[in-house]
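Contents: one structure, followed by commentary.
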């Protein structure tokens with residue numbers, strides 16, 4: 001049985017950031033990943049605010065594939081265009097970003113073990129097949145279907161608080177303006193929206209999420225019928241990847257049980273407005289590391305649950321409230337809302353209101 005201070009489960013960005021921060025503080029850290037290599041294998045749209053990426057502490061510069069400064073919001077035939085003179089978001093290669101995050105964790109002193117699927121947890125002893133790892137703390141950064149959360153008996157995120165997402169990436173695409181994304185509010189994308197995110201002048205990621213899992217195929221058909229999508233993938237466009245994934249849109253009621261802690265999608269630390277989890281997951285991962293290091297160094301009470309909610313709970317709650325308000329609108333009124341927003345000059349307001357993550361502080 002191998003001993004260490006902390007076992008972190010899940011070698012995507014949240015687990016990597018947590019491991020990097022722990023190791024840099026002199027904490028013995030073991031990062032486990034069930035697959036043969038780290039990362040989410042690109043299962044992410046990868047559009048993130050420039051400010052938010054900076055908060056992760058990951059050197060993201062070589063992973064950026066595009067810069068975005070505007071968006072077209074569509075519903076039916078209505079359209080609202082928002083443009084900024086500044087870059088508002090970056091489109092990244094998510095797999096490269098994850099690998100960079102893990103490399104920084106290893107450089108800081110964390111140990112990475114691949115092919116280690118966690119199948120047992122006894123206190124903070126983590127079991128992965130025939131391997132046993134005894135630690136003082138265990139951190140679950142293992143996604144929406146967290147094995148750590150299940151094995152440790154954490155309360156589940158309610159089933160109705162997830163959306164199912166689909167995305168495909170196309171090369172040889174016809175992208176009219178690679179500085180703008182398209183957002184689609186249509187009845188077929190129940191409880192969420194669709195998108196077209198340009199990666200370059202000739203490639204784009206096209207997808208949607210829905211709260212009605214059974215309607216995935218209906219949503220895919222609608223997505224491919226949208227004029228902006230059709231014109232993008234017409235001609236020689238080639239689909240180079242596609243995936244479906246489940247995203248939590250609600251916080252887990254509890255994220256700390258004694259010395260077992262959850263972070264990222266495992267904790268539900270996701271923006272309910274967009275389903276994005278890189279920024280809040282990463283800043284909460286840094287909070288995990290701060291709390292554990294403080295406890296080991298000074299004997300300070302482990303207060304991760306209180307600490308991350310005090311720092312980021314207000315912002316996440318506002319994203320949740322905005323999502324609830326949007327979902328309360330009948331689908332038939334969305335075209336009128338988009339038209340009215342355009343007529344009232346909401347586009348000008350949004351151009352000046354640039355923080356995609358911390359809407360409030």
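Go through the range 235-267 and count every residue that is in a loop (DSSP other than H, G, I, E, B) and more than 18 Å from residue 45 (Cα to Cα). Going through the range 235-267 one residue at a time, the tally reaches 12. Listed conditions (1) closer than 25 Å to residue 75 by Cα; (2) in contact with a strand residue (DSSP E or B) (Cβ under 9 Å, 6 or more places away or on another chain); (3) loosely packed, with under 15 Cβ neighbours inside 10 Å are all met by residue 254, apart from (1). All conditions but one from (1) outside any strand (DSSP E or B); (2) in contact with a helix residue (DSSP H, G or I) (Cβ under 8 Å, 6 or more places away or on another chain); (3) farther than 17 Å from residue 246 by Cβ apply to residue 190; the one that does not is (3). Applying the set (1) closer than 20 Å to residue 11 by Cβ; (2) buried (at least 17 other Cβ atoms within 10 Å of the Cβ); (3) modelled with pLDDT of 95 or more to residue 117 leaves exactly one unmet item: (2). With respect to the stated conditions, residue 58 is modelled with pLDDT of 95 or more, out of contact with any strand residue (DSSP E or B) (no Cβ under 9 Å at 6 or more places or on another chain) and either buried (at least 16 other Cβ atoms within 10 Å of the Cβ) or in a loop (DSSP other than H, G, I, E, B) (or both).
Entry remark, the range 159-174: residues being farther than 20 Å from residue 244 by Cα and surrounded by fewer than 21 Cβ atoms within 10 Å (Cβ to Cβ) number 2 in total. Among the residues of the range 15-44, those identified as over 15 Å from the mean Cα position of the chain (by Cα), assigned to a loop (DSSP other than H, G, I, E, B) and surrounded by fewer than 21 Cβ atoms within 10 Å (Cβ to Cβ) are 25, 26, 28, 34, 35, 36, 37.
The values are calculated or read from the model by the stated rules, or taken from the named source; none is laboratory data. Note that this is a predicted model, so its numbers are computed, not measured. All Cβ positions, even for glycine, are placed from backbone atoms using ideal geometry, and neighbour counts span all protein chains on display.
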